[in-house]
There are 2 protein chains.
Amino acid sequence: MQLRDIGEFGFIDRIARMAADDPAVLVGIGDDAALLDLGGPDHLVVTTDAMLEGRHFRLDWLAPEEVGRRAASGALSDIAAMGATPAAVFCTVGLPPEWPVERADALLGGVIDAVQAVGGTLAGGDVIAADRVLIDIMALGRVPCGQALLRSGARPGQALAVTGALGAPAAAVAVLAELGPDVPAEQTLAPVRRRFAHPEPRVRAGRALAASGLASAAIDVSDGLVQDAGHIAERSGVRAVIEAWRVPVAEGCVEVAERIGANALTWALAGGEDFELLIALDEADLPALLALQAVAEVGLTMVGRVEAGTGSVALDQDGREIDLPRGGWDHFA
Amino acid sequence: MQLRDIGEFGFIDRIARMAADDPAVLVGIGDDAALLDLGGPDHLVVTTDAMLEGRHFRLDWLAPEEVGRRAASGALSDIAAMGATPAAVFCTVGLPPEWPVERADALLGGVIDAVQAVGGTLAGGDVIAADRVLIDIMALGRVPCGQALLRSGARPGQALAVTGALGAPAAAVAVLAELGPDVPAEQTLAPVRRRFAHPEPRVRAGRALAASGLASAAIDVSDGLVQDAGHIAERSGVRAVIEAWRVPVAEGCVEVAERIGANALTWALAGGEDFELLIALDEADLPALLALQAVAEVGLTMVGRVEAGTGSVALDQDGREIDLPRGGWDHFA
């Protein structure tokens with residue numbers, strides 16, 4: 001049996017079973033990030049996110065600083081999803097020895113910009129030579145004891161809501177794949193390109209949601225909305241239903257979809273790497289959350305509901321419910 | 001100008017200049033590990049260490065569990081060098097999707113074994129598909145406030161001492177390169193092979209040295225004794241002199257050197273990846289340190305002296321001093 005047969009998540013399950021329990025590890029393998037209690041005033045949140053040239057990014061699609069920015073944003077988004085504030089960030093980078101120094105500076109500069117934009121500090125890492133560019137970001141965050149948002153807190157009867165709007169990164173990738181990297185910076189393509197190259201991890205919103213006590217579960221949308229709803233459903237032991245007509249599609253996606261003959265809603269439902277936050281909440285609390293400055297400035301939209309269940313996810317298309325395999329991005333598929 | 005022109009350490013210096021200061025980051029880029037003050041009873045020590053198939057290890061030289069064990073040991077050795085106790089460890093692993101699941105289990109099992117052997121816990125990580133095996137270990141450790149051992153504490157007039165003995169990993173690599181992976185497990189080759197495949201990060205000794213208050217600087221021997229002495233010299237603003245005749249050469253190295261016509265002392269001086277600890281101390285305190293159980297069981301040998309200087313390193317061969325370029329392992333060279 002090969003890794004591709006059990007998939008990324010099957011392998012992670014096997015690793016989790018091999019690893020021992022530790023009372024200091026409140027949440028270990030299987031959430032957005034680990035949650036540690038090392039005795040301080042805050043709990044510690046730790047996550048790692050690796051990207052490899054050719055598999056996760058292409059250097060002809062993004063400038064080096066944009067590659068660095070996107071790589072850092074993946075880990076920072078995990079910190080945001082736990083309701084934590086980024087502290088120290090560490091970056092392992094693999095680069096070809098023949099790379100111009102200025103290019104390497106730009107890539108690391110993108111990492112540092114993304115980290116500092118959300119109040120973190122690049123505090124270390126490792127540098128190795130590699131044939132293809134590798135960036136592995138490890139981020140530490142702090143969250144007041146008891147406030148961390150986990151995937152496991154969704155309850156039947158709750159609503160699902162998402163910050164911002166979805167689909168732009170997938171739209172940008174589709175455009176780049178279809179029309180090539182030299183596609184003119186047309187008006188209609190600019191918004192999705194910008195959102196793809198300059199993601200904004202929802203650190204302020206995540207912190208506000210956690211501090212409010214009104215969000216009972218959270219995950220960042222990195223594998224795709226449906227799959228990430230499935231992660232919440234699985235960890236919470238519920239059924240998640242995404243109501244397709246409610247899903248906020250990011251600016252520019254519809255125009256891009258028309259241009260290349262694709263479906264913008266599919267990007268929003270299954271695209272991934274949106275780095276928005278998907279939360280479970282009581283619907284009655286939506287206005288209170290939208291009254292929070294940090295939430296209001298990015299928006300928060302109802303996208304579904306939580307039902308009694310056993311970890312499944314379904315799509316509700318105008319009243320027709322379709323049970324879904326938990327698809328989306330699998331690194332080994 | 002290319003990365004290979006400025007080298008790994010030149011590039012790290014550039015990154016350090018780009019990164020902002022942060023009062024919570026007591027020691028940032030440039031020591032074995034970062035030292036953080038997040039307000040708890042202990043300071044936090046964080047390090048990352050990445051290994052890439054073909055550059056840092058070969059799968060025909062080591063079994064998958066040995067590769068995992070070595071990769072984890074590199075990061076755990078950095079934790080040991082700061083005098084800290086490992087807490088949570090995170091592992092990013094890149095594997096080909098066609099790898100058998102059992103092989104992947106063995107590799108991760110090696111990581112977990114190494115981590116648990118020194119009291120740590122694998123608490124998370126990331127899994128990606130890759131053409132070549134990649135392992136990036138991020139380790140968190142705890143050290144009581146004020147006890148962390150840094151590279152920067154060496155003072156003129158002090159002695160340099162090293163735990164254990166050096167050269168076995170370099171000897172093992174030389175044997176494998178010279179005679180091939182199918183070399184019979186001869187009596188003379190077994191000790192260096194074993195030390196190479198099963199490194200023992202000096203966590204207990206490092207903790208005891210830090211708690212004693214008698215070691216003023218430390219680094220783990222990963223780049224090679226001379227180069228690592230150079231790191232202490234540079235960060236402490238002193239001159240480090242390695243006294244060649246004192247350097248403890250690991251069991252089996254001399255026999256292997258005779259067999260393949262090499263120099264065992266060169267392996268001990270410049271081989272690297274020994275994962276022993278090099279410390280600066282007042283010579284008068286050596287007996288007190290050797291009286292500590294955790295130090296006595298691995299040994300501690302005088303290997304040189306600290307003189308007034310400006311960051312240089314020299315080799316003293318029977319009274320003849322040779323100023324050395326800070327050679328050793330450079331990832332981009």
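Search region B:201-214 for residues that are over 24 Å from B:ALA72 (Cβ atoms) and pair each with any residue that is modelled with pLDDT of 95 or more and not hydrophobic (A, V, I, L, M, F, W, C) when their beta-carbon atoms are under 6 Å apart and the residues are at least 6 apart or on different chains.
The qualifying pairs are B:LEU214/B:ASP285.
With respect to B:GLU273, is the statement that it is at pLDDT below 95, among the charged types (D, E, K, R) and in contact with a Pro (Cβ under 9 Å, 6 or more places away or on another chain) true?
Taking the combined requirement at face value, the residue satisfies it.
Hey, could you check region A:1-46 for residues that are closer than 15 Å to A:ALA84 by Cα and not in a strand (DSSP E or B) and say which is nearest to the other protein chains (Cβ to nearest Cβ)?
A:GLY40
Please work out which one of (1) facing chain B (nearest Cβ under 10 Å); (2) in a helix (DSSP H, G or I) is the condition A:ARG55 fails and give its number.
(2)
Which is part of a helix (DSSP H, G or I) and buried (at least 20 other Cβ atoms within 10 Å of the Cβ), of A:ALA210, A:ALA240, A:ALA177, A:ALA218? Write out each step before concluding.
Values: A:ALA240 fails: part of a helix (DSSP H, G or I); A:ALA177 fails: buried (at least 20 other Cβ atoms within 10 Å of the Cβ); A:ALA218 fails: part of a helix (DSSP H, G or I).
Only one candidate qualifies: A:ALA210.
Being assigned to a strand (DSSP E or B) and aliphatic (A, V, I, L, M) is the filter here, so list the residues in region B:136-158 that pass it.
Once the filter is applied, which keeps residues that are assigned to a strand (DSSP E or B) and aliphatic (A, V, I, L, M), region B:136-158 yields B:ILE137, B:MET138, B:ALA139, B:LEU140, B:VAL143.
Within region A:68-118, which residues are part of a loop (DSSP other than H, G, I, E, B) and under 26 Å from A:ALA280 (Cα atoms)?
Of everything in region A:68-118, those that are part of a loop (DSSP other than H, G, I, E, B) and under 26 Å from A:ALA280 (Cα atoms) turn out to be A:MET82, A:GLY83, A:ALA84, A:VAL118.
Can you tell me which of (1) more than 7 Å from every other protein chain (Cβ to nearest Cβ); (2) crowded, with 20+ Cβ neighbours inside 10 Å is the one A:ASP49 doesn't meet?
(1)
State all residues of region A:266-288 that are in a helix (DSSP H, G or I) and either crowded, with 22+ Cβ neighbours inside 10 Å or touching a Phe, Trp or Tyr at 6+ places or on another chain (Cβ under 9 Å) (or both); if no residue qualifies, say none.
A:TRP267, A:ALA268, A:LEU269, A:ALA270
Out of region B:79-110, which residues are at the interface with chain A (Cβ under 9 Å from one of its Cβ atoms) and buried (at least 23 other Cβ atoms within 10 Å of the Cβ)?
B:ALA87, B:ALA88, B:PHE90, B:CYS91, B:THR92, B:VAL93, B:GLY94, B:LEU95, B:ALA104, B:LEU108
Evaluate region A:316-325: report whether one residue or more is assigned to a loop (DSSP other than H, G, I, E, B) and either modelled with pLDDT of 95 or more or within 14 Å of chain B (Cβ to nearest Cβ) (or both).
no
The values are calculated or read from the model by the stated rules, or taken from the named source; none is laboratory data. Quantities reported herein were computed from a predicted structural model and do not represent experimental measurements. Note that we place each Cβ from the backbone using ideal geometry, even for glycine, and neighbour counts take in every protein chain shown.
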